[in-house]
Structures are given as structure tokens and as C-alpha cells.
Amino acid sequence: ISSEINRANDLSLDLRLKGIDLSLDDFVARFMGKSTVGVLKFIDKLVRDMVKNGKNGNSKLYTTVRNTLGRALGLDVTFKMLSYSALVDYENYLRETGCSDGGVYVNMRTLRAVYNKAIDYELAELNDYPFRRYKIVKPVVKKRAKDLDVIKRFLNFEYPEKYQKTLDVIRFSILNQSINFVDIAYLTKSNIVKGRLEYYRKKVTKTPVFFSIKLLPESLEILKRYNYDFFSISKDEYRIYRLALKRQGDLISKMC
């Protein structure tokens, strides 16, 4: 009995040192040598960590996988159950519920990242790794760029005044090397330096990407119209950005 207690204490200490937080059931399963760790619980932990670290975009992706995986394979799905056939079933569920090729690719890639992290945390076995056989196919993206005359017609159409900001955001993006909406949303007057637009791209990469773009008179005119701040993002920044993105998308749809 003493020997088993010592083994349990050693396992508990090892998990704490690795920053692994298991429920009592999962701890018992680990202690007994059974792989019954819940995939959804582990994704919940990853999401909590992402939110703490400000990785809100990634947390949304992982939450989507958590919810769809639970509906497709059940709330009690474990890493041991994530076999090749289970991945095929999950892909079929995504397609049956209207997920595009691109959506399937993103979901499966995210699930693979979850499995890789689970192996690092010693919650899943490398020998059981299903992605050796299941291959994630990247979809072929068709060219979606419009001809210049189509863009001109769209921008020069006589819209009601309520579409003014939406048009200004689109114009500002075109005038400044197709700057992403998220980067426009977070711009402030501090990003204007000696007549140049300077910012680090919000899209997460291993090395932050810095841009310095000479502002044309038309760009400066648009910025001054909104006092160099399109959406006044301050408190709860990510939520305000998402609301602004949805609003812009709705208006663009109506404009089209």
C-alpha cells in the first residue's frame, strides 16, 4: 500500500511540474495505465490557456472543433477512440452539416494540433497516432480577385449615407496594400508616423511582420474623417472587433 501511495504521489508531482491539470477520474485512469482522457476536456483546457494569453482567434477555432467533435463522436470521446475511422466519421459529419472543403481542412488541422499537444502532455500515445494514415488534404483555392472595372463600379455606385464608413474601410484597404480588416480595426493615431502608416500585422506568425506604408492624400482624408480611429476599440477589444467585423460583413452583403 505504501509503495502504491508513493507511486501516486510521484505521478501527481510529475503532472504538476509539467503543468498538467487532470480531473480525479483522469488521474485514476493515468495511474491505472488506462488511456481514458477526454478529448473535449483537454480542448477546454487549451481554450482557457489561449484566452489567458490573448489568443482569442485560435480559441474560437478550438472551441468550434470541440463542439462539432462532441456532436459527431459523443461527449465522452477519448484519444484512444480517435482512430482513423473516427476521423473519417468526423469529416463526414462536417460535410453533412454544410462545412466547405476549407472548413474541413481547418477543423481537421486543428484537431491534429490538439492530438499533438496531447502527446506532449502524455495524455495520448504516439503509437495510436491516427494522422499517420489519415491525410489532411489542403483544398485548391480558386482565384477570387475581381477585375478593376468591377471594383470601380462597386466603389463608385451611389449608396445611401449609412454605407459611408463601410466604403471608406474598403477604399482605405485598397489604397494601403490590401491591409486586413483586423489591422484597420485596431489602428490609432499612434500608427501614423511622419506621413506613413506603421503597424505590426495582427495575424499571428512566429516572427511579427512590420509594415510601413506611405499614406496617399486620399488615405489621410479618410483617416481624418474618423479621427484616425475607425471603431474606437478600447475595452474588451476582441469582442468589439468581432462585432465590427460582423457589421461590416452584413453591410457589404447588402451593398452587393
Can you tell me the accessible area per residue over region 143-224, all protein chains present, probe 1.4 angstrom, in square angstrom? 71 Å²
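On average, how much area does the Cα convex hull of the chain cover when viewed from any direction, in nm²?
18.2 nm²
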Among the chymotrypsin sites (Phe, Trp or Tyr not before Pro) in region 154-203, which ones are in a DSSP loop with at most 14 other Cβ atoms within 10 Å of the Cβ? Mind listing them? PHE157
Once you put a point 7 Å from the Cα of GLU198 and another 7 Å from the Cα of LEU126, both along the Cβ direction, what distance in nm separates them? 4.6 nm
In whole Hz, with x marking every Gly and Pro, tabulate ³J(HN,Hα) for region 215-232 from phi via Karplus 6.51 cos²θ - 1.76 cosθ + 1.60, θ = phi - 60°. 7, 6, x, 5, 5, 4, 4, 5, 4, 5, 4, 10, 6, 6, 8, 5, 10, 6
Just reorder GLU4, GLU96, GLU91 by solvent-accessible area, largest first, 1.4 Å probe, all chains present. GLU96, GLU4, GLU91
Hey, for a label at LYS52 modelled as a point 7 Å past Cα toward Cβ, could you say which residues of region 81-120 have their backbone N under 17 Å away? 118
Here Rg/Rh (Cα, Kirkwood) for region 166-218 equals 0.95
Rounded to the nearest 0.05, what FRET efficiency is calculated for LEU17 and LYS80 with R0 set to 22 Å and r the Cβ-Cβ distance? 0.35
Per residue, accessible area of region 27-108 with a 1.4 Å probe, heavy atoms of protein chains only, in Å², comes to 52 Å²
Once ligands and nucleic acids are excluded and a 1.4 Å probe is used, how much of ILE20 is accessible, expressed in Å² to the nearest 10? 20 Å²
Can you pull the percent of the chain's accessible area that's carbon plus sulfur, 1.4 Å probe, other chains left in place? 52 percent
Can you check what the Kirkwood hydrodynamic radius comes to for region 1-100, Cα pairs only, in Å to one decimal? 15.4 Å
When we measure straight from the Cα of LYS143, which lysines land under 30 angstrom away, once same-chain ones fewer than 8 places off are left out? LYS55, LYS60, LYS135, LYS152, LYS165, LYS202, LYS203, LYS206, LYS214, LYS246, LYS254
Along the positive direction of the dipole of region 206-256 (beta-carbon charges: Lys, Arg +1; Asp, Glu -1; about the Cα centre), which of ALA244, SER212, TYR226 reaches farthest? ALA244
Could you tell me how far the Cα centroid of region 47-72 sits from the Cα centroid of region 79-127, in Å? 14 Å
Relative to the Cα centre, what is the charge dipole magnitude of region 117-166, using +1 at the beta carbon of each Lys and Arg, -1 at the beta carbon of each Asp and Glu, and rounding to the nearest 20 debye? 380 debye
Using DSSP to define loop residues, name the trypsin sites (Lys or Arg not before Pro) in region 161-207 whose beta-carbon has at most 12 other beta-carbon atoms within 10 Å. LYS194, LYS203, LYS206
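The values are calculated or read from the model by the stated rules, or taken from the named source; none is laboratory data. As the structure is a computational prediction, the values presented were derived from the model and not from experiment. All Cβ positions, glycine included, derive from the backbone under ideal geometry; neighbour counts span all protein chains shown. Calculation scope for accessible area: heavy atoms of the full protein, side chains included, ligands and nucleic acids excluded. Shrake-Rupley method; radii C 1.70, N 1.55, O 1.52, S 1.80 Å.
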